[in-house]
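J.: I'd like to ask you about the structure that follows.
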Amino acid sequence: MICVVCAILFLVLFTRLLYVLFQVHYNDTISSTPFPQVPPKFFKPVRLLAVAGSGGHTAELLQLLTAATAAPSSKSSCVSFSTRHYIVANTDSMSQDKIELFETTRKTETNVVISKIPRAREVGQSYLTSILTTVYSQLFCIPHVLRARPDILLVNGPGTCIPVCVFVFLLRVIGMCRGRIVYVESICRVNTLSLSAKILVFFADHVLVQWPQLAASSYRCKYIGRLVS
């Protein structure tokens, strides 16, 4: 009896996984834009989760958020945020300071949360050892992602984002959040994709690049011009 139940559960989860992957890769009508336009009467505030990296990654991320809320389309309520939840590396105090300053100057009523997790991969760390540190980081991100249960996950390249993206995707598969993953490649990536992008092309909803030559790296990459300066 237990084996039958387990087999049915596995079949349901596997079917759900295939359906979500179909949404990600082929169903443009379901997930066509990072911030889909919906009629106001069907609107619910968006729960945003963003992963900040050290240095330029955080600066670019904050520029993206500024542009998203300052664009003409954002004047309608369908792209306002009920919660902005940030995840930063536990050794990255500079990013936390930048986020706090950014949110202070905005003076909105949006609920803002900043959480910290260990880095999944340090700059220059070997791919082999990064497997262990990624698993370690994955365990720490679980309670924060469960708290956030994002409608949109916005990331732009730091290694810290991979464990978060994986867990958000899993929550989406089991129906615990909408979890649309929007990845924006850093402006400094001109000719080759970052390791984060190479991983996320398999299950992110949108992989956006800021240089036309990068769009040829994968059929999942979309060139949409320069988003940050």
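The values are calculated or read from the model by the stated rules, or taken from the named source; none is laboratory data. Note that the coordinates shown come from a computational prediction; the quantities given were computed from them, not determined experimentally. Areas reflect the complete protein model, heavy atoms only, side chains present, ligands, DNA and RNA absent. Shrake-Rupley method; radii C 1.70, N 1.55, O 1.52, S 1.80 Å.
J.: What is region 101-214 by shape, rounded, prolate or oblate, if you read a ≥ b ≥ c off the alpha carbon gyration tensor as root eigenvalues and call it rounded for a/c under 1.5, prolate for a/b larger than b/c, and oblate otherwise? It would help to have the intermediate numbers written out before the result.
T.: Working: a/c = 1.42, a/b = 1.17, b/c = 1.21.
Cα axes put region 101-214 in the rounded bin.
J.: How much of C3 can a 1.4 Å solvent probe reach, expressed as accessible area in Å² and rounded to 10?
T.: About 110 Å², rounded to the nearest 10.
J.: Explain nothing, just the number: relative contact order of region 97-199, from Cα pairs under 8 Å at least 6 residues apart, as a whole percent.
T.: This gives 24 percent for region 97-199.
J.: Quick one: order V190, V5, V168 from most to least accessible surface, probe 1.4 Å.
T.: Numbers: V190 50, V5 80, V168 0 Å².
Largest to smallest exposure gives the sequence V5, V190, V168.
J.: I need the phi-derived Karplus couplings for region 201-206: 6.51 cos²θ - 1.76 cosθ + 1.60, θ = phi - 60°, integer Hz, Gly and Pro marked x.
T.: Couplings: 4, 7, 9, 7, 6, 9 Hz.
J.: Another question, if that's okay. Separation of region 1-18 and region 165-229 by C-alpha centroid, Å?
T.: Measuring centre to centre over Cα atoms gives 30 Å.
J.: Hey, what did region 162-229 get for relative contact order, percent, Cα under 8 Å, at least 6 apart?
T.: On the way: 94 pairs, mean separation 18.0, N = 68.
Result for region 162-229 is 26 percent.
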